[in-house]
Amino acid sequence: MSWQYILIEVTNLYCFILMVYILMSWFPVTPGGIVYDIQQFLAKICEPFLAPFRKIIPPIGGMLDISPIIAFVVLEFAVRLIVTIF
């Protein structure tokens with residue numbers, strides 16, 4: 001198993017975690033439940049990556065946040081670049 005394969009699989013897993021976090025943000029969650037705990041755990045994993053994109057790209061119309069789309073594109077581009085170069 002090569003390191004490129006491992007890098008791609010870890011990136012795919014992180015993309016899946018990002019997608020779950022983004023979808024969970026669409027629904028209201030009350031504090032104190034298991035779903036809230038899961039959402040908070042995912043926030044600790046995903047927000048450090050998403051925060052720089054949110055600083056650069058403001059929400060459209062004040063509500064539609066497209067920064068996760070840009071984050072996915074940048075992540076995929078970076079991984080493909082690394083795998084291609086090395």
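The values are calculated or read from the model by the stated rules, or taken from the named source; none is laboratory data. Only a predicted model underlies this, so the values are computations on that prediction, with no experimental measurement involved. Ligands, DNA and RNA are excluded from the accessible area calculation, which covers all protein heavy atoms including side chains. Shrake-Rupley method; radii C 1.70, N 1.55, O 1.52, S 1.80 Å.
In whole Å, how far is the Cα centre of segment 1-23 from that of segment 26-86?
Segment 1-23 and segment 26-86 have Cα centres separated by 13 Å.
Which one is right for this structure if Rg and Dmax of the Cα atoms in Å is calculated from it: (i) 24.1, 65; (ii) 15.0, 46; (iii) 13.4, 44?
(ii)
In the full protein assembly as shown, how much of MET24 is accessible to a 1.4 Å probe, in Å² to the nearest 10?
Surface open to solvent at MET24 totals about 40 Å².
Would you work out what percent of the accessible area of the chain, with all protein chains in place, is carbon or sulfur (probe 1.4 Å)? Walk me through the intermediate numbers first.
On the way: 4780 of 6310 Å².
Summing carbon and sulfur atoms, their accessible area is 76 percent of the total for the chain.
Output the 0 to 90 degree angle, nearest 10, between the alpha-carbon long axis of helix 67-85 and the longest principal axis computed from the alpha carbons of the chain.
Its long axis makes an angle of about 20 degrees.
Mind checking the angle between helix 3-24 and the chain's longest principal axis? C-alpha axes, 0 to 90 degrees, to the nearest 10.
Long axis of 3-24 versus the principal axis of the chain: about 10 degrees.
Accessible area per residue for the chain in Å², computed with a 1.4 Å probe and the full protein assembly in place, what is it? Don't skip to the end; give the middle numbers.
On the way: 6310 Å² over 86 residues.
Roughly 73 Å² per residue, with all protein chains present.
How much accessible surface area, in Å² rounded to 10, belongs to the heavy atoms of SER25 with a 1.4 Å probe?
70 Å²
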